[in-house]
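Just below is one structure, and these are the notes that go with it.
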């Protein structure tokens, strides 16, 4: 797979190159391809994409996200998932037996839950579910929000970045695709995790970030780097 | 995140506070770093932009000529208004000034007026006919907690840099005469912990709030308790002592 | 904006073709643009344009409220252009007036043209433009700042919008009028353009111009728009150009010095969904 040194592109900027196909974050007009977003140009497999540097979270089926209950109905809860649209969680998609009208016994307004995006229709209406392994209501711990565009960097290739952090800090960490990160552990370890997350968010574009984070944490935890 | 504060956030902040720790590492009686930029707006007779931590407030002072109020013919006029600009937070709504905006404007105004920071008599040009009219306009640009203090520091800093334009009177410009420098220090009460200069998350879960404004002699010039919670008397006394101490350091920055 | 008088003997254009501030007819005032200046807002920008100081902030796309403003098939753009009370010589009463309402509307329409609205049905994109200091051309500075703020917020658009005005001063067609020229000149034509295609998304005119003079004014403006576009692009690039040097400085505080590496920028994009325990 070809990789090139990436440049920051702006909306409307032409993306030149022989035989390229328009990928995500781009649009085509008059036979040419242009960036549709502020982002980093990423050419791979004959397709040119623009990886966003900023912006809201757009739900994709299968994403694990952390939502907050903002409304309750007789048979569902409405969640804010840091997207342009709130997402309903139906009682039937919860792990509990919920009687009609009894939703309040299980989740209250303000509660945080780890859910998965079940479906997104053409009108961008989103449904989520809590019925997968590992999905649950979050208690205790601490919540940190990062720009959704930085989540891939925080996770790393095949989870390498977040694994590195977990190895040192021994914290439980859930990284939601919507930019919300839940951390639980000893207070000093949680604090170290939050620090590292902020660092990653600020320097998401630098190469060699994983190794640098590793050294940083190694020094913090006084192990040989 | 939405304006709703989760129980998780509330309990994690309270747990840390019980151990004497604040999210940004500050001590309970420590304000955030204060940065002031004076004279940014040239169309205003005085202006100052203040960053209290990430809270960003701009104040412009406009001075014009006008008639005094009939019951105070020898006194200039001072009006303070505040705008919680929608750009500063997703929670600020369009429309006429909210109750919060009005409260901020009035508390800042009281601090300045009651301390006689500006000698209103010195603003009189022709008794009963012509006086200086001062407008203090508070513009909140980025909301991260504690607008009372940020707005009051910006207002004072703007006043220290204000120049009365003499052109229309055929005289020289002269700096606005300031006699005192009131400084407000706001504390928030969460459970039984009292902390100074609440940041956004702390303010969101605060039960009660107390703003104490003191002058350069440490005397109290204004006070405002807010939100539905309550304070014990000794807590109020502590808040006053903190305001005197913290206020001193802040006064130096404002007067620079 | 009344109550002003041109100083006695002052000419809007002198015998050498120089304007009051020394500019030639086709010269822009100095412009500085910075992106990402506010923390709360999802996108923001600050523009200094001559003596104008304008701040723009963007929120969204978010659910449109009130509900009856929503459009089922696309997003709507809500713009609020506002002048701070201290932004003008004679203090302006806080709050919207008819002029700012009209300007808010034409700016919202300009942005509606370039934003991919169909991607976000039922939502609203909020653009807030605040004039902190005014010296004519504030709506153009506002749009220029607003575009950068929209890009900074990650809003998908087919292009940025650049805005600039030209007019007629002392009988001569001039680019980018300042306050005196706007007050005492013969015409003003603010224009907003999407630079890639040259589509005009905002166009207003007041005063008196022949068709030929109008063409000349637009030529000046289009030329200037290209220069301003470069500044917008620079502002956005600077915002996100993180140097490895900054990272090293940050790490030096606590970690041992990093190994020698070739400074270059790279990004890892993991297509897999989030890692869970």
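Please treat every number below as a calculation from the coordinates, not as lab data. Predicted model, so just to flag it, every value in this text is computed and none were measured. All Cβ positions, glycine included, derive from the backbone under ideal geometry; neighbour counts span all protein chains shown.
Once you keep just the Cα pairs under 8 angstrom separated by 6 or more residues, what percentage relative contact order results for chain A?
Over chain A, the number comes to 14 percent.
Below 8 Å between Cα atoms, with a sequence gap of 6+, how large is the relative contact order for chain B in percent?
Contact order relative to length: 21 percent.
Round to the nearest 0.05 the FRET efficiency obtained for residue B:256 and residue C:32 when R0 = 22 Å and r is the Cβ-Cβ distance.
Calculated value: 0.30.
What does the C-alpha gyration tensor say about the overall shape of the protein assembly as shown? Classify as rounded when a/c is under 1.5, otherwise prolate if a/b is larger than b/c, or oblate. Could the numbers behind the result be given before it?
Numbers: a/c = 1.82, a/b = 1.18, b/c = 1.54.
Taking the square roots of the gyration eigenvalues as a ≥ b ≥ c, the protein assembly as shown is oblate.
Can you give me the distance in nm between label points at residue A:222 and residue B:219, each placed 7 Å from the Cα along the Cα-to-Cβ direction?
For residue A:222 paired with residue B:219, the spin-label model returns 5.5 nm.
Could you pull out which residues in the stretch B:127-167 have an amide N less than 16 Å from a spot 7 Å beyond the Cα of residue B:116, following the Cα-Cβ vector?
None, by backbone N distance to the label point.
Using helices alone, what [θ] at 222 nm do you get for chain B, with -39,500 (n - 2.57) per DSSP H run of 4 or more residues, divided over all residues and rounded to the nearest 500? Walk me through the numbers before you get to the answer.
Working: 5 runs with 70 residues, N = 256.
Dividing the helical sum by the residues of chain B leaves -9000 deg cm²/dmol.
Could you tell me whether the stretch A:142-220 comes out rounded, prolate or oblate from its Cα gyration tensor? Rule is a ≥ b ≥ c as square roots of the eigenvalues, rounded for a/c under 1.5, then prolate if a/b exceeds b/c, otherwise oblate.
oblate
Using Cα pairs under 8 angstrom and six or more residues apart, how large is the relative contact order of the stretch B:1-135, in percent?
23 percent
For a footprinting-style exposure proxy, rank B:200, C:132 by other Cβ within 10 Å, fewest first.
By the 10 Å Cβ count, ascending, the order reads B:200, C:132.
Relative to the longest principal Cα axis of chain B, at what angle does helix B:99-114 sit, 0 to 90 degrees, rounded to 10?
60 degrees
So how far apart, in nm, are the two label points at residue B:40 and residue B:28 if each is 7 Å from Cα heading toward Cβ?
With each label placed 7 Å out from Cα toward Cβ, I get 3.4 nm.
Calculated from DSSP H runs of 4 or more alone, at -39500 (n - 2.57) each and per residue, what is the 222 nm mean residue ellipticity of chain A, nearest 500?
Values: 4 runs with 43 residues, N = 225.
Taken over chain A, the calculation gives -5500 deg cm²/dmol.
Counting other C-beta atoms within 10 Å, which of C:174, C:79 has the fewest, and how do the rest follow?
With the sparsest Cβ surroundings first, the list reads C:79, C:174.
Distance from a point 7 Å along Cα→Cβ of residue A:71 to each backbone N in the stretch C:46-68: keep the residues under 13 Å and list them by number.
Of the residues in the stretch C:46-68, C:63-68 have backbone N under 13 Å from the label point off residue A:71.
Rounded, prolate or oblate for chain A? Axes are the square roots of the Cα gyration tensor eigenvalues, ordered a ≥ b ≥ c, and the cut-off for rounded is a/c under 1.5.
The shape class here is oblate.
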